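As structure tokens, the structure follows; a few thoughts come after it.
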Amino acid sequence: MRLSGALLCLLVLGGLVQAETPSEPAQADATPEYSIGIEDVLRVSVWGETALDLRTRVRPDGKITVPLVNDIKVEGMTPDQVRKEIARRLASYIRDPNVTVSVEEINSFRVYVLGEVNRQGPISLFRPTRLLQVIAAAGGLTQFSKKELTILREENGIERRVRVDYKRLVAGDASQANLFLKPGDTVLVD
């Protein structure tokens, strides 16, 4: 009885401590699971079916070719979504196919930096990266920079421009966001 009473007391106290702990604020721009892009290299394995294992690059049309099931559009899908789609299509030929899809090379996550930076050109990224990190990867701003940044981003076929004041961003001004960049973004530095 004493042991169960002490255990109950610990559980109640633990619940009170947990209840008093403020919850973390939700991430406004939390990063989603990785989406496959053109030029990424995928490894597809089917357990027990080595003839179906392959290493393939995502073509410019966003597709890969898998034996028995032909072309599958994978651009914009997560590796798990691709795995499920391949397994669904293989089910006509193989009973309960156990498919694994992994991204071996990330080649589609590239941004471009132009203007008053020390190293202009494409920058390949391998994880979600914020604007200031990309500026640092480009060698920082030149002495001639006006410290004005513009992100060119294509959304639904329309180019959108997002202006950022570098001085205010670095100073911590809440009106300037250190945004996550997306594949294909171009950062213009004046």
Would you mind stating whether residue 49 is open to solvent by 40 Å² or more (accessible area, probe 1.4 Å) and under 30 Å from residue 153 (Cα atoms)? no
Tell me which of these residue 43 doesn't satisfy, since it passes every other one: (1) open to solvent by less than 100 Å² (accessible area, probe 1.4 Å); (2) at pLDDT below 95; (3) not in a helix (DSSP H, G or I). (2)
Within the stretch 91-107, tally of residues that are open to solvent by 50 Å² or more (accessible area, probe 1.4 Å) and either hydroxyl-bearing (Ser, Thr, Tyr) or part of a loop (DSSP other than H, G, I, E, B) (or both): 7
Residue ID - nearest to residue 155 (Cα to Cα), chosen from residues in the stretch 61-90 that are part of a loop (DSSP other than H, G, I, E, B) and open to solvent by 60 Å² or more (accessible area, probe 1.4 Å): 75
Pairs please, first residue from the stretch 41-53 and polar (S, T, N, Q), second anywhere and open to solvent by 10 Å² or more (accessible area, probe 1.4 Å), Cβ atoms under 9 Å, 6+ apart in sequence or on different chains. 45/52; 45/53; 45/54; 45/98; 45/100; 45/101; 45/102
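The values are calculated or read from the model by the stated rules, or taken from the named source; none is laboratory data. Not measured: the values here are computed from a predicted model. Backbone-built Cβ (ideal geometry, glycine too); neighbour counts: all protein chains shown. Protein only, heavy atoms only, side chains kept; ligands, DNA and RNA dropped before computing areas. Shrake-Rupley method; radii C 1.70, N 1.55, O 1.52, S 1.80 Å.
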